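The values are calculated or read from the model by the stated rules, or taken from the named source; none is laboratory data. Everything quoted here is computed from the prediction, not taken from an experiment. Using ideal geometry, Cβ is built from the backbone for each residue, glycine included, and neighbour counts are taken over all protein chains shown. Please note that ligands, DNA and RNA were not included when accessible areas were found on the heavy atoms of the full protein model with its side chains. Shrake-Rupley method; radii C 1.70, N 1.55, O 1.52, S 1.80 Å.
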Amino acid sequence: MLCDDEGVSAVPPSAPVRIVSPALRRGAVVLWVVAVVLVPLGLLTGGPGTAVFVPVPSVFTALVAWVVLWRPHIALTEDALVVVDVRRTTTYAWRRVTDVRTRYGLEVLSSEGTRRVWIAPRSTARLRVVPAGARPGGTAPVDLDVAAAAIRARIPVDAPTDAPPPATVTPAPIVHRAHGWAVTALVVLGIAASMAGARL
């Protein structure tokens, strides 16, 4: 069971959990508000001929908010650690995760090496550990050490044994899935938004 010093409810080590950054999510909400405000502002300041270009900067701003600030998170499932960043989603089978470090931000150590996590780029980052089915705003922010402890609680400890190796081995993959469409959409909409902004 995990509990921080600020009264976060205890979370069983086997329950699905999502770790998010409240600061990034607040930033996303601010950008979505800006995106909504840009549309009437563009319609009022531009002429009737610019109505086609007005939504483009808003769509770009909304997409940046979702891809860069809202979507990144860490999911702790029964079978795997899932790290969702801006460019890719990586799924680590628990046996492939060796440790988690918090000295320079949240870093996942695996048999593939070290991976710094997008939602916690510095050691002072505050995160939320949200149990499955709970409201993201319903838990108190925790420091990096508490979030790392939630991850470490799931890393299996290999017990030394004198028995012969098993006849079959269950694969423990690390799967990388690039967010190619999201990055492409950001580039295309960024160019379109700058061209639309020049027309307004």
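Computed quantities for the displayed model
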read-out	value
Potential lengthening between residue 177 and residue 45 on full extension [0.36 nm per residue; Cα-Cα distance subtracted]	43.3 nm
Environment charge of residue 22, counting only residues whose C-beta is closer than 9 Å and scoring Lys/Arg +1, Asp/Glu -1	+4
Cα long-axis angle, helix 180-199 against the chain (0 to 90 degrees, to the nearest 10)	20 degrees
Crossing angle, helix 55-64 versus the chain [Cα axis fit, 0-90 degrees, rounded to tens]	20 degrees
Accessible solvent surface per residue of the chain, calculated while the other protein chains remain in place, 1.4 angstrom probe, Å²	56 Å²
Protein accessible area in region 38-136, 1.4 Å probe - carbon and sulfur %	61 percent
Spin-label model distance (nm) - residue 88 vs residue 187, 7 Å beyond Cα toward Cβ	1.6 nm
Rounded tilt (10° steps) of 22-45 against the dominant C-alpha axis of the chain	10 degrees
Base-10 log of normalised Debye intensity for the chain (one unit scatterer per alpha-carbon) at q = 0.07, 0.08, 0.16 Å⁻¹	-0.29, -0.37, -1.03
Förster radius 25 Å - calculated FRET efficiency between residue 15 and residue 140 (Cβ-Cβ, nearest 0.05)	0.90
Nearest-10 value in Å² for the accessible area of residue 88, using the 1.4 Å probe	70 Å²
